[in-house]
Structure formats: C-alpha cells, structure tokens
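S.K.: My questions will all concern the structure given below.
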Amino acid sequence: MWVRAEQSMGESEEGAGNDVWWSVIKARLRRWNWPQTYRFAKTSVTALQVISWQERVRSLWVAATATLERLRMTYKLAYYIIPSPLARRKVGRISRQALAPRLRIICNPTSGSGRGRSVMRELEEIADWLSEHDLPAEVCETERQGHAAKLAREAVQKGMDIVVAAGGDGTISEVMQALVGQRTALGVLPLGTVNVWARETGIPLRLDHAREVLLHGIRRRVDVGRANDRYFLLMAGVGFDAEVARRVQDGALTQMGLKLVDYFATTGWLAVTNQSARVTIRYDHRKRRTFNAMMIVISNTRLYGGVMTFAKRAVADDGLLDVVTMEGGSLIYRLSVLARAFFRRAKLGPRTRNLQCHTIHIESTPPLPVQVDGDVIGRLPMTFSIVPSALSVIVPPNAPEDIFHRPPVED
C-alpha cells in the first residue's frame, strides 16, 4: 500500500512538472515577435541564395578563364601556321615582282571618278588578280601633266605587252602618244566622266568587269588621227565644241568636281551666243572650200561625248578621216543639229556636209580653237591627217563590228 502511495505521488509530481514547463513555453510563445522572426527567416534564405549564386558565378568565371586560355593558344597556333591576309598579299606582291611585269597600269588619280586613294587600292587588287592569272602586272600613278606618256614610254622600252590607261579619255589620249607605231597594246580601265572609247568599243564601265577584257580581250590595229604633231584616237573638234572644252577645263564647276554640269551649262550658253567664223578647208591637197562654220568635227570613231554621233560612217581601221562641217545658223538650226546627232541620224541638216579624206588643212578668221579627245591644243591654222593601223588596242571579243573592218591580229 505504501508503495502504491509513493507511485501515485511520483506521477502527481511529474504531471505537475510537465504543466510547469508547458506553461513556461506558452508564456514565451505569447511574448515572441512573429514579424521579426519572419524577417529574420527571409533574410537567412536570401543569404543562402547569395552564397549559392556566388558559387555559381565563381564556377562560371573559372570556366570562362579556361576557355579564353584555350582560344588564346589556338590563335597563337593559327598565327604561326596560317599566313594572314596581309602576309598573303605581301607574298603575292613579292612573287609578282619576281616576274618581269608584262602589263603596266597607269592611273590618273584625279580622273572624273573622284575616288582618289580608294581607286588605287582597287587597281592594286586588279594587278594582283592579273598576276595570279599569269599576266604579271604593276601599277604606276601619274604625278603631273605629261607623266602618263613618260610612264608609257618606259613600258615600251621594257618590252611590256600591254599598257593600261586607268582614267578618262584624256588619260587614254596621253598614254597613246607613246604607243603609236609600237607593238605594245593599249588597254583601258575606265575611270573618267564620260569614257567615250570604253562606250564605243563595249568595254564595261565597272572595273571588276573591265579587268576581264585585259585578260580575255582581243587585239586590233586601229588608225589614229594627227593634229599637227598631236595624235588623237577619237576625234578632233574645231570651233563650237573646242570653245566649250576650253571653258570647261578651266571652269569653277569643273574644279569642284561638277564637270558634267559645267559642260551642259556652257554648251547651252554658247548655243545662244557663239558666232560662226569664216573657214577655208583644203583636203587631200587639191580640194578647197570656204564657208561660215559653226563647228567642224574630224572623226576617227563615231561616238561623240558618249551620247551623240556626228560621223555616222566612221570606222576605226579604214585608213580615212570622216569630216563633218556644220555651217552657222539660227538657234533653232543649231539645236536641231544637236538633236539629230543625239538621236544618231544619218543626216544632220541642210547646211551640214560629210566628207572622207586622208589629210585636211583648216584655217579661219578669226582663228578658232581646236580640241583633240577633249584637250584643247591650240588654234587654227592646223593640218589633220590619218595614220593607218598605227595603234594596237585591247577590246572585248564582242565589240561592235561596225566600227572595225579588219580582222583581229594575233598576239
């Protein structure tokens, strides 16, 4: 019985102790700040997330550093094994210079295209391309008036096969002075304002297409005209057009790069104000004629100014000059002649005449200006003649057949 009493007392004390502890816990829970606990727990979670991202960033940084190191080693390997484009270009030029050039490109950087330094880079690339296709080439830049002819003479003396005029018709005219009577052929890369010879013979106006003509074109022997001691490939003009050329070449608009604007403005003004002059012509040393002339065109080819045709029957290798004389008249008459030439009519008007000859001497009162291939060379009196088959030229295989009568020549 005593034992049972002790057990009952012990259970009572244990139950009382538990009640005390539970009451303490409940009292503390009532005093607990639940919002503060929430903030503390949220901050702890955020800290754990930051630690986790820090580890991820560290691992990404280590991986990126290792990747960059591998790329650096790969680049160093490629640098020492694979030649760079600049190195390949230098090697190409060295190999190009190791062979004697067969073609010289003479460039006038001030031609009508106005591209300056950029066009020199294009010409260097064309020279490299020609060299890669077994036609060693070099590029020379003109520095002054008359320098192109000197460079062309040097090429002839070195026995080069082709001299390329990279410029306009003025550059072509200057280069050809040294090639008349020589075996060295004249090639063209058109960079001028109008490019009459290129248009006449079908040479593409884009350089990447024109270079193909230098490689795959055919050779022809063509006539050249001569005005006193100056050769011309296209035509010579006396009077109206020579006065236009004289004013345009020194005009302010031309100096600003607006040559075409200057040309059309000057042509329109002179069409109204220009006066005819008393002209006497003697051709083939026996025939003579005197008349009032507005303009005389002495042609070796047909195309005039890139868009008009005065000498409809002109052929580049027939051994004849085609001369067109235009008498003075009213403004309407002058405009009608220009309109017929623009539409390439065979007959230009009632007061125009066509003749063919080998030599013609012209004098006038007052002395009229004279231009050849766009360059003013002086005033009348002057003698013009034809030099048959004097120049070798490179033209496309599909060049217009009506301006050539003779077959191509062998290289």
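S.K.: Sort out which residues of segment 328-337 are touching a strand residue (DSSP E or B) at 6+ places or on another chain (Cβ under 7 Å) and either over 17 Å from D241 (Cβ atoms) or in a helix (DSSP H, G or I) (or both), and write them in order of number.
M.R.: R334, V337
S.K.: Taking V175 as the residue in question, decide whether it is in a strand (DSSP E or B), buried (at least 23 other Cβ atoms within 10 Å of the Cβ) and in contact (Cβ under 8 Å) with a residue 60 or more places away in the chain. Before you say what the answer is, go through the steps one by one.
M.R.: Details: in a strand (DSSP E or B): no; buried (at least 23 other Cβ atoms within 10 Å of the Cβ): yes; in contact (Cβ under 8 Å) with a residue 60 or more places away in the chain: yes.
For V175, the condition - in a strand (DSSP E or B), buried (at least 23 other Cβ atoms within 10 Å of the Cβ) and in contact (Cβ under 8 Å) with a residue 60 or more places away in the chain - is not met.
S.K.: Still on this structure: Sort out which residues of segment 381-397 are crowded, with 19+ Cβ neighbours inside 10 Å, more than 15 Å from Q177 (Cα to Cα) and within 33 Å of the chain's Cα centre (by Cα), and write them in order of number.
M.R.: I394, V395, listed by residue number.
S.K.: Would you confirm, using the coordinates I've provided, whether V272 is out of contact with any Ser or Thr (no Cβ under 7 Å at 6 or more places or on another chain), in the same structural domain as N354 (by TED's automatic domain parsing) and either surrounded by 17 or more Cβ atoms within 10 Å (Cβ to Cβ) or more than 18 Å from F404 (Cα to Cα) (or both)?
M.R.: It is true that V272 is out of contact with any Ser or Thr (no Cβ under 7 Å at 6 or more places or on another chain), in the same structural domain as N354 (by TED's automatic domain parsing) and either surrounded by 17 or more Cβ atoms within 10 Å (Cβ to Cβ) or more than 18 Å from F404 (Cα to Cα) (or both).
S.K.: Out of all the residues in segment 336-369, which are over 22 Å from V307 (Cβ atoms), crowded, with 18+ Cβ neighbours inside 10 Å and of a type in the set (V, I, T)?
M.R.: Those that are over 22 Å from V307 (Cβ atoms), crowded, with 18+ Cβ neighbours inside 10 Å and of a type in the set (V, I, T): I360, I362.
Here is a yes/no grid of residues against (1) surrounded by 17 or more Cβ atoms within 10 Å (Cβ to Cβ); (2) at pLDDT 85 or above; (3) aromatic (F, W, Y):
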{"position": "R56", "(1), (2), (3)": "no, no, no"}
{"position": "W61", "(1), (2), (3)": "no, no, yes"}
{"position": "A78", "(1), (2), (3)": "no, no, no"}
{"position": "A100", "(1), (2), (3)": "no, no, no"}
{"position": "R117", "(1), (2), (3)": "no, no, no"}
{"position": "E132", "(1), (2), (3)": "no, yes, no"}
{"position": "C140", "(1), (2), (3)": "yes, yes, no"}
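S.K.: Out of the residues in segment 194-223 meeting the condition of being part of a helix (DSSP H, G or I) and hydrophobic (A, V, I, L, M, F, W, C), tell me which one is farthest from A127 (Cα to Cα). Walk me through it before giving the result.
M.R.: Residues of segment 194-223 that are part of a helix (DSSP H, G or I), as a first pass: 196-201, 207-216.
With hydrophobic (A, V, I, L, M, F, W, C) added as a condition, the list becomes 196-198, 207, 210, 213-215.
Values: V196: 24, W197: 22, A198: 20, L207: 12, A210: 13, V213: 13, L214: 11, L215: 11 Å.
So, considering only residues that are part of a helix (DSSP H, G or I) and hydrophobic (A, V, I, L, M, F, W, C), the one farthest from A127 (Cα to Cα) is V196.
S.K.: Hey, another quick one. I'm trying to understand the selection: among the residues of segment 144-164, which are touching a helix residue (DSSP H, G or I) at 6+ places or on another chain (Cβ under 7 Å) and part of a helix (DSSP H, G or I)?
M.R.: A148, A149, A152
S.K.: Residues to consider are I394, I360; find the one that is assigned by TED's automatic domain parsing to the domain that holds M294 and at pLDDT 95 or above. Show your work before the answer.
M.R.: On the way: I394 fails: assigned by TED's automatic domain parsing to the domain that holds M294.
Testing whether each residue is assigned by TED's automatic domain parsing to the domain that holds M294 and at pLDDT 95 or above leaves just I360.
S.K.: Can you find a residue that is closer than 29 Å to C357 by Cβ, touching a residue at least 12 places away in the same chain (Cβ under 8 Å) and polar (S, T, N, Q) anywhere in segment 224-239?
M.R.: yes
S.K.: Now a separate question. Please give the number of the condition G187 fails out of (1) among the small types (G, A, S); (2) more than 25 Å from A314 (Cβ to Cβ); (3) in contact with a Leu (Cβ under 6 Å, 6 or more places away or on another chain).
M.R.: So the condition that G187 fails would be (2).
S.K.: Given the condition outside the structural domain of D373 (by TED's automatic domain parsing), polar (S, T, N, Q) and surrounded by fewer than 23 Cβ atoms within 10 Å (Cβ to Cβ), answer yes or no: does some residue in segment 196-206 qualify? Write out each step before concluding.
M.R.: Going residue by residue through segment 196-206, those that are outside the structural domain of D373 (by TED's automatic domain parsing) are 196-206.
Remaining after also requiring polar (S, T, N, Q): 201.
Subsequent filtering for residues that are surrounded by fewer than 23 Cβ atoms within 10 Å (Cβ to Cβ) retains none.
No - not one qualifying residue is present in segment 196-206.
The values are calculated or read from the model by the stated rules, or taken from the named source; none is laboratory data. Because the structure is predicted, anything quoted here is derived from the model rather than measured. Please note: Cβ atoms are built from the backbone with ideal geometry, for glycine as well, and neighbour counts cover all protein chains shown.
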